[in-house]
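Chemist: For reference, the structure I am asking about is given below.
The values are calculated or read from the model by the stated rules, or taken from the named source; none is laboratory data. Just so it is clear, the model here is predicted, and its values are computed rather than measured. Cβ atoms come from the backbone with ideal geometry, glycine included; neighbour counts cover every protein chain shown. Please note that ligands, DNA and RNA were not included when accessible areas were found on the heavy atoms of the full protein model with its side chains. Shrake-Rupley method; radii C 1.70, N 1.55, O 1.52, S 1.80 Å.
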Amino acid sequence: MAAPSMALRRVLGLGAVLGRRSCCSKRPLPPDLVEALRAVVGGSNVSTATAVREQHGHDESMHVCAPPDAVVWPQTVGQVQELAELCHRHRLPMVPFGTGTGLEGGVNAVQGGVCFDLSRMDSISELSLEDFSVMVEPGVTRKALNSHLRGTGLWFPVDPGADASLCGMAATGASGTNAVRYGTMRPNVLNLRVVLPDGRLLHTAGPGRQPRWAPGAPGRDGMGPCPPGYPTHPPRRRKRAAGYDLTSLFVGSEGTLGFLTQATLRLHPLPEAAAAAVAAFPSVRAAVACTVQVLQAAVPVARIEFLDEVMASACGRFSGVELPAAPTLLLELHGSRHGLAEQQGQTEEIVQLNGGGGSGLAWAEGPEERERLWAMRHRAWYAALALRPGCQGYSTDVCVPISRLPDVVVETKRDLQDSGLTGPMVGHVGDGNFHCLLIFNAQDPAEAERVHAFTQRLGRRALAAGGTCTGEHGVGLGKRALLREELGQEGLDTLRSIKAALDPHNLMNPGKVL
């Protein structure tokens with residue numbers, strides 16, 4: 001793989017870090033260390049093969065592959081603890097790996113070390129229909145969980161598009177199309193079981209998730225056996241004000257503080273009815289203004305997604321769906337059958353007030369129609385890449401207050417056009433979060449430099465509007481400089497102090513975030 005140009009390095013935020021390692025790195029671990037890893041998990045669960053290491057040295061982003069020195073597949077939390085303690089003792093960097101679907105280089109082993117592929121830890125346990133919660137290990141993906149929940153009347157709605165690991169989604173603070181109604185990962189994670197860098201085990205909301213009584217066994221304090229029908233796990237508490245919020249500390253930590261080996265998640269009731277529609281608008285400002293008005297009118301919209309005219313045209317061609325080449329909103333409403341009709345009427349009125357929807361909205365209420373619509377939206381990344389075959393893509397990820405969204409989107413659209421870049425826009429505008437999918441020739445230094453300059457202007461535009469440089473993808477390798485500007489020196493120093501307290505030797509996913 002050719003080394004990236006300096007302009008491309010700046011786009012990726014790599015600085016000099018990646019220069020120490022490349023996709024061709026062959027630095028071996030000492031044989032006795034490899035044997036020690038095998039002693040913990042078995043020989044078939046350790047690999048130093050080049051192809052395996054390179055497979056684990058990158059995600060879906062354009063950050064240059066940086067492979068680990070070895071890959072291990074633990075299957076129990078005890079094995080993760082033993083492996084972490086071993087790596088800690090020998091001062092080996094450790095990189096968690098789930099499904100590799102991230103977009104910020106979060107799994108790239110920029111300092112080598114050992115990659116922990118957690119995909120074989122895939123149990124789903126402690127499903128509580130009454131308490132709307134479930135426990136999952138890191139090998140459980142979003143689709144696997146919802147398949148497991150089929151028939152229960154519950155679902156897990158956080159949907160980033162990719163079939164990502166749920167613990168990986170927690171690690172990056174993921175969200176997606178349903179976040180406007182159901183929230184991001186942060187409010188939907190109730191507890192985390194974390195293996196710290198030295199192998200210690202932490203339950204971020206306390207370890208009270210074990211059976212209160214084993215069936216037929218003496219209970220606590222000599223209370224006797226479990227009464228018939230008594231749940232063998234304690235109820236999930238819905239509120240908590242006990243101490244620091246450690247769960248939120250680890251959600252979004254991007255693997256820099258420890259291994260997320262189990263997550264207790266909040267589940268939601270399936271809506272009785274749902275309806276989706278597509279609305280085209282005369283301008284970008286009209287589409288985004290409509291979004292703001294729908295939210296201000298308290299319409300309980302579940303999804304409201306924006307495509308600019310370039311993205312709408314690309315998505316329609318790529319997925320074989322008829323879409324006008326115009327600024328477009330994709331909307332979905334969830335509710336009762338009676339309430340849904342009222343919501344549809346409110347939405348149509350607001351859409352038409354903003355010049356959208358033509359003579360009226362055609363609502364898709366069947367699951368197959370709605371699935372086809374959202375599958376098209378989830379393929380937007382590949383639709384954008386198809387605009388310039390052979391080129392690379394880079395996704396921005398800013399988020400701004402809803403009140404500032406129309407101005408920021410319009411300014412960004414103008415900036416894209418003035419820069420001469422191919423950058424279709426798409427976003428979860430109900431949250432103020434949008435992306436420019438920049439498709440460019442990485443071998444053209446002038447174009448790469450324009451991309452870098454644009455991403456910096458966009459990040460600073462979002463910060464000036466009171467927003468953030470990343471709404472859902474995380475910081476990873478590419479947004480560290482913008483994070484410094486967002487938090488200020490005091491905030492950054494505090495993050496470093498927390499990192500140093502939990503990982504004093506900087507072994508957990510080094511080179512990321514800070």
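Chemist: Using only the alpha carbons of segment 389-455, what is the convex hull's orientation-averaged projected area in square nanometres?
Modeler: Dividing the Cα hull surface by four gives the mean projection, 4.4 nm².
Chemist: Output wanted: per-residue J couplings in Hz (rounded whole) for segment 239-250, from phi through Karplus 6.51 cos²θ - 1.76 cosθ + 1.60, θ = phi - 60°, x for Gly and Pro.
Modeler: Residue by residue, segment 239-250 yields 10, 7, 9, 9, x, 5, 8, 5, 4, 5, 4, 7 Hz.
Chemist: With all protein chains present, how much of the accessible area of segment 86-179 (probe radius 1.4 Å) comes from carbon and sulfur, to the nearest whole percent?
Modeler: 51 percent
Chemist: How do 184-190, 335-341 rank on mean C-beta neighbours within 10 Å, highest first?
Modeler: Per-residue Cβ counts within 10 Å, averaged per peptide and sorted highest first, yield 184-190, 335-341.
Chemist: Classify the chain as rounded, prolate or oblate, taking a ≥ b ≥ c as the square roots of the eigenvalues of its Cα gyration tensor: rounded when a/c is under 1.5, otherwise prolate if a/b is larger than b/c and oblate if not.
Modeler: It is oblate, given that a/c is not under 1.5 and a/b is not larger than b/c.
Chemist: Let me ask something else about it. Pairs of Cα atoms under 8 Å, at least six residues apart: use those to get the relative contact order of the chain, whole percent.
Modeler: Relative contact order for the chain comes out at 16 percent.
Chemist: To continue, here is another question. What's the carbon and sulfur percent of segment 229-381's accessible surface, probe 1.4 angstrom, rounded to a whole number?
Modeler: Exposed carbon and sulfur together represent 53 percent of the surface.
Chemist: In deg cm²/dmol, rounded to 500, what helix-only [θ] at 222 nm does the chain give when every DSSP H run of at least 4 residues adds -39500 (n - 2.57) and the total is split over its residues?
Modeler: Dividing the helical sum by the residues of the chain leaves -10500 deg cm²/dmol.
Chemist: Under the Karplus relation 6.51 cos²θ - 1.76 cosθ + 1.60, θ = phi - 60°, what is the ordered set of whole-Hz ³J(HN,Hα) values for segment 305-322, x standing for Gly and Pro?
Modeler: 10, 10, 10, 6, 5, 5, 5, 4, 5, 5, 5, x, 5, 5, 9, x, 10, 6
Chemist: Return one whole number: the accessible area per residue of segment 408-452 in Å², for a 1.4 Å probe.
Modeler: Ligands and nucleic acids excluded, the result is 31 Å² per residue.
Chemist: Pick out, from ASN433, SER497, PHE116, the residue whose Cα sits farthest towards the positive end of the charge dipole of the chain, with +1 on the Cβ of Lys and Arg and -1 on the Cβ of Asp and Glu.
Modeler: Checking the options against the dipole of the chain, the answer is SER497.
Chemist: Note down the relative contact order for segment 21-134 as a percent, whole number, built from C-alpha pairs under 8 angstrom at least six residues apart.
Modeler: Normalised by residue count, the contact order of segment 21-134 is 28 percent.
Chemist: Given axes a ≥ b ≥ c from the Cα gyration tensor, I'd like to know whether segment 241-292 is rounded (a/c under 1.5), prolate (a/b larger than b/c) or oblate.
Modeler: prolate
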